[in-house]
Each structure stands twice: as structure tokens, then as C-alpha cells.
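The values are calculated or read from the model by the stated rules, or taken from the named source; none is laboratory data. Predicted model, so just to flag it, every value in this text is computed and none were measured. Don't worry about glycine lacking a Cβ; one is built from the backbone with ideal geometry, like all the others, and counts go over all protein chains shown.
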Amino acid sequence: MPKSIHRAEYLVLCELLRDVRLQAGLTQVALAKKLKRPQTFVSTVERGLVRQDFLQLRDWCVRCGTDLQALSAEFEVRLKEAKKGARRAKAAAVRE
């Protein structure tokens, strides 16, 4: 099994973290200040270049005004949507 950072699901998580930040009305700079980290940290997380542990995910959520439970629920929804999209693309490729 590949490391989680190299799995397609990790990109879904990174996109979700970016969306959570944007929904909170925060720039990368503003979130970085709340996390007491440099802006480049937020950027590298959102681009999927570094792996977040559970506590870091919680910090991200709290600073964006949400919680892990909401993050997890939305993550599951997006994973299901991504799988449906992948199946549709595969079926379309077979038809061609």
C-alpha cells in the first residue's frame, strides 16, 4: 500500500482543507497567523506536499471555525463523488 500522501484520496483531503479555509473567509496568510506557522506551511499542506497528523487537522479545523466531525463527513461525501466520477470516466473511455 502506498504512503497516504501519494494516494488519490489525499488530494481530495487537501482540496477540502483549502475549501474549509476559503469558506472561513481566511487567506493563507491569515490562517498561517492563527496556526503560528509561516504562509508557506499552509501552501504546502494545500498542495499535498506535507502530511498532516490528526492534531494538525484538528488545529486547522478549529482555526477555520469547524471541527473534525464536519471535516470527516464532507471528506466521505467527496470521496464518494470522486469514485462516481472515476467510474463514469472509465465507462466513457470503454465506449470510445
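Overview of values
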quantity: First in region 40-61 and under 12 Å from Arg21 (Cα atoms), second anywhere and loosely packed, with under 13 Cβ neighbours inside 10 Å, Cβ under 7 Å, 6 or more apart; calculated: Cys61/Asp67
quantity: Given (1) over 18 Å from Leu11 (Cβ atoms); (2) surrounded by fewer than 16 Cβ atoms within 10 Å (Cβ to Cβ), index of the condition Leu31 fails; calculated: (2)
quantity: Candidate set from region 1-18 (those that are outside any helix (DSSP H, G or I) and among the basic types (Lys, Arg)); member that is modelled with the lowest pLDDT; calculated: Lys3
quantity: Among (1) at pLDDT 95 or above; (2) in a helix (DSSP H, G or I); (3) small (Gly, Ala, Ser) - the single one Gly65 does not satisfy; calculated: (2)
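This table checks each residue for (1) in contact with a strand residue (DSSP E or B) (Cβ under 9 Å, 6 or more places away or on another chain); (2) under 23 Å from His6 (Cβ atoms); (3) β-branched (Val, Ile, Thr).
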site	(1), (2), (3)
Ala30	no, no, no
Thr40	no, yes, yes
Cys61	no, no, no
Cys64	no, no, no
Ala70	no, no, no
Glu81	no, yes, no
Lys84	no, yes, no
